[in-house]
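Report on the following structure.
The values are calculated or read from the model by the stated rules, or taken from the named source; none is laboratory data. All figures in this text were calculated on a predicted structure; none of them were measured in a lab. Heads up, the Cβs are rebuilt from the backbone with ideal geometry, glycines too, and the neighbour counts pull from every protein chain shown. In case anyone asks, the SASA skips ligands and DNA or RNA and just uses the protein heavy atoms, side chains included. Shrake-Rupley method; radii C 1.70, N 1.55, O 1.52, S 1.80 Å.
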Amino acid sequence: MSSSLSHPPAHLPPSVALQLSQQAPVTLRNTPSVISSYSLSTLWSAAETPELWTEYENLMLSCLRTGDEQSAGQCLERLTERFGAENERLMALRGLFQEAIAKDDAALKQVLGEYENILAKDPSNMPVSKRRIALLKTLGKTTEAITALNEFVDSSPTDAEAWAELADLYVTQGMYPQAIFALEEVLLITPYAWNIHARLGEILFMAGSTGDSSGDKYLAESLRRFCRSIELCDDYLRGYYGLKLATNKLLTSLPQASRQSKSDSTLPLPDLKTVERLNETATAKLSEIVRRSVSGECEGYDKGEVIAAKALLDSGATKTIR
């Protein structure tokens, strides 16, 4: 099988996922449909490996991404033959397949009911719990999804993915303090995740832009999170983009905020010179990333993020000219 199938399909570009799904019929024909330790065919066939089943799962997910339900169904059948229908991961994959082929909300609600029946018998089934939460979100039942996620992290407090999803749901509801708390929990589990530091900086920036009395404190903390992000990853575009936004905002509000917060016992706001230097650093790095990406020297950045960075730089240049 293709080496791309060793990676989770969510991390694959759409073009690669499409290529894999187009090759799925040939891939499935060239791999054994059943592998048994008691089969005589294993005497001359390749040995079973854990990677084979990971590739089957990833191939199934890639096929679902591109609408090849037939090949996805074959992958699911082979996984079920090998691990059994009662396997927790297979239950979740089967549910995901049913979600993908559902024609309307009524069919999705039926799948949701099946998840709830499974969880009624075994509340500790984590894969199915996650699928249920994802389906609640799909159906627009955000409040129920938040409640379910809170119950989930109570029983599995070290699941960073669940905390991050909870933070995103809180953001959709404008509940920034709760979202900040959830992402701080993620950082307790993965303290060196530069993308999470940047995401926390983004939420702090949103909280600081609401006009709340604590807005400047949120902006200052946002600045620190973006700095930590680029400290951990020197070429992280979102970190520099956020740093540019935060410093732009602080440069307009810092003098007045400094006068108003002298008696506060919280962390002090950064001084004006520090913010100006950080703004210059962010501008220079973003300019370099955009230049290298446009010229083709560097291909590791998302095209949409590069366009957004260029637009931010252009808006700053326009203001300077005016």
message: What's the total number of residues in region 294-312 that are open to solvent by 30 Å² or more (accessible area, probe 1.4 Å) and in a helix (DSSP H, G or I)?
response: 9
query: Of Ile230, Ile189, Ile196, which residue is farther than 29 Å from Glu288 by Cα and either at pLDDT 95 or above or of a type outside the set (Lys, Arg) (or both)?
result: Ile189
message: Every residue in region 82-128 that is under 24 Å from Gly140 (Cβ atoms) and exposed (fewer than 15 other Cβ atoms within 10 Å of the Cβ), please.
response: Ile101, Lys103, Asp104, Asp105, Ala106, Ala107, Lys109, Gln110, Gly113, Glu116, Asn117, Ala120
field: region 113-131, residues that are touching a residue at least 24 places away in the same chain (Cβ under 8 Å), outside any loop (DSSP other than H, G, I, E, B) and under 23 Å from the mean Cα position of the chain (by Cα)
entry: Met126, Pro127, Val128, Lys130, Arg131
- prompt: Going by the structure shown, is Pro191 surrounded by fewer than 16 Cβ atoms within 10 Å (Cβ to Cβ) and closer than 25 Å to Asn248 by Cβ?
  reply: no
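Based on this model, can you work out whether Ala85 counts as at pLDDT below 95 and not basic (Lys, Arg)?
Working: at pLDDT below 95: yes; not basic (Lys, Arg): yes.
Criteria met by Ala85.
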- request: Test Asp154 against the criterion of being assigned by TED's automatic domain parsing to the domain that holds Ala17 and either open to solvent by 30 Å² or more (accessible area, probe 1.4 Å) or in contact (Cβ under 8 Å) with a residue 24 or more places away in the chain (or both), and give yes or no.
  value: no
task: Six or more apart or on different chains, Cβ under 9 Å: which pairs go from a residue in region 297-317 that's assigned by TED's automatic domain parsing to the domain that holds Pro14 and within 13 Å of Leu237 (Cα to Cα) to one that's assigned to a loop (DSSP other than H, G, I, E, B) and open to solvent by 70 Å² or more (accessible area, probe 1.4 Å)? Could you list them?
output: none
query: From the set of residues in region 288-316 that are within 26 Å of the chain's Cα centre (by Cα) and of a type in the set (Ser, Thr, Tyr), which is nearest to Arg228 (Cα to Cα)?
result: Tyr301
